[in-house]
Amino acid sequence: MIGVLIAVTVAGVLAFQTLFTTSHVVPDVAGMQQAEALNVLAPFKWNVVVTAQRSEGSAAGTVLGTDPEAGADLAEGSTLTMFVSEGEPLATLPDLTGVPEADAIAQLETLGLVPNVVRADNEDIPAGAVISWVVPEQPSIVAGGEVLRGTGIDVTVSNGPAMRDVPLIVGMTLEQAQAALAELRLTLLETPPSKSNAAAQGLIGAQSPPPGEKVARDSQVAYSISLGPDLVALPNIIGNNISIVEPRLTEAGFVVGKVTGRQQNKLRKALVGGQEVGNGDEIPRGSTIDLVFP
């Protein structure tokens, strides 16, 4: 009997406490700074639990809301969860390696990231595709990592293989030329043999493009094998007037060089590279002929 009375008494006390526990209306603290909001909530004697969240358009430390929401009744001693912003949502970094430039830029901009494109030659990645990317502020971060929106991303885009400087192959054997071009990943294109004053018979006597010109990787360099010097007989110019000498030299494929002496006199001698030559001598086509008058 005594036990029953005790139980009834306890139940009555609990019911009384439940009926008469003080409740308060949850105030609207959204938009306040965390410290300010805690000061507002302190008088209501709730157990305030702070939970961090990220939210679009919110500044770090700003209250996003509460649970229960503003306007609800909450008894003293109850738990009130206050959601506080950690800032903008993070962006998850995609793997951009090998992705076309336009697609890579679009992906980053959609995530709210800021691409900074630089370009570099690359032998393996096709032109216009991403070679590599890096977050300058966090260089060790990899794809799948998270960064703040607005973070800059350096993206290196391939120009494709570097341009090649065509080497000089005139004067080489065919095997030497093949080896020189193979190092540059260029190939040879054979053209018919021809006379050449630039190389001995059997060697490469002409090439196109010329040495030093830039070409793309895997381009062809045309060549012809020398049939020996292209020699032309010096026309009959010694002992003639300048009016006869010049057109005869030009017609024979020679170049008139330095002219000394009195040109009203007849030509005394002709020189090629400082060496005297005479009428009928075999001379490489295109040679420059210096003229000496008395």
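Worth a mention:
- The condition (being of a type in the set (Gly, Ala, Ser), touching a residue at least 24 places away in the same chain (Cβ under 8 Å) and in a strand (DSSP E or B)) is satisfied by just one residue among Ala104, Ala127, Ala52, Ala162: Ala52.
- The residue that is farthest from Gln201 (Cα to Cα), counting only those in the stretch 151-164 that are in contact with a strand residue (DSSP E or B) (Cβ under 6 Å, 6 or more places away or on another chain) and of a type outside the set (Gly, Ala, Ser), is Ile153.
- Residues satisfying the stated conditions in the stretch 55-94, i.e. among the charged types (D, E, K, R) and either surrounded by 13 or more Cβ atoms within 10 Å (Cβ to Cβ) or in a loop (DSSP other than H, G, I, E, B) (or both): Glu56, Asp67, Glu69, Glu76, Glu86, Glu88
- Qualifying residue in the stretch 194-208 (condition: crowded, with 17+ Cβ neighbours inside 10 Å, under 20 Å from Val166 (Cβ atoms) and touching a helix residue (DSSP H, G or I) at 6+ places or on another chain (Cβ under 6 Å)): yes
- Among the residues making up the stretch 142-170, those that are surrounded by fewer than 16 Cβ atoms within 10 Å (Cβ to Cβ) and on the phi > 0 side of the Ramachandran plot are Gly144, Gly150.
- Set Arg248, Arg262: member being over 30 Å from Ala120 (Cβ atoms) and either in a strand (DSSP E or B) or at pLDDT below 95 (or both): Arg262
- The stretch 165-180 - residue that is touching a residue at least 40 places away in the same chain (Cβ under 8 Å) and either part of a strand (DSSP E or B) or in contact with a helix residue (DSSP H, G or I) (Cβ under 8 Å, 6 or more places away or on another chain) (or both) and, of those, nearest to Ile204 (Cα to Cα): Ile169
- Screening Arg119 against (1) more than 16 Å from the chain's Cα centre (by Cα); (2) modelled with pLDDT of 95 or more; (3) not hydrophobic (A, V, I, L, M, F, W, C) leaves a single unmet condition, (1).
The values are calculated or read from the model by the stated rules, or taken from the named source; none is laboratory data. Here the structure is a predicted model, which means the values were calculated and not measured. FYI the Cβ positions are ideal-geometry reconstructions off the backbone, even for glycines, and counts take in every protein chain you see.
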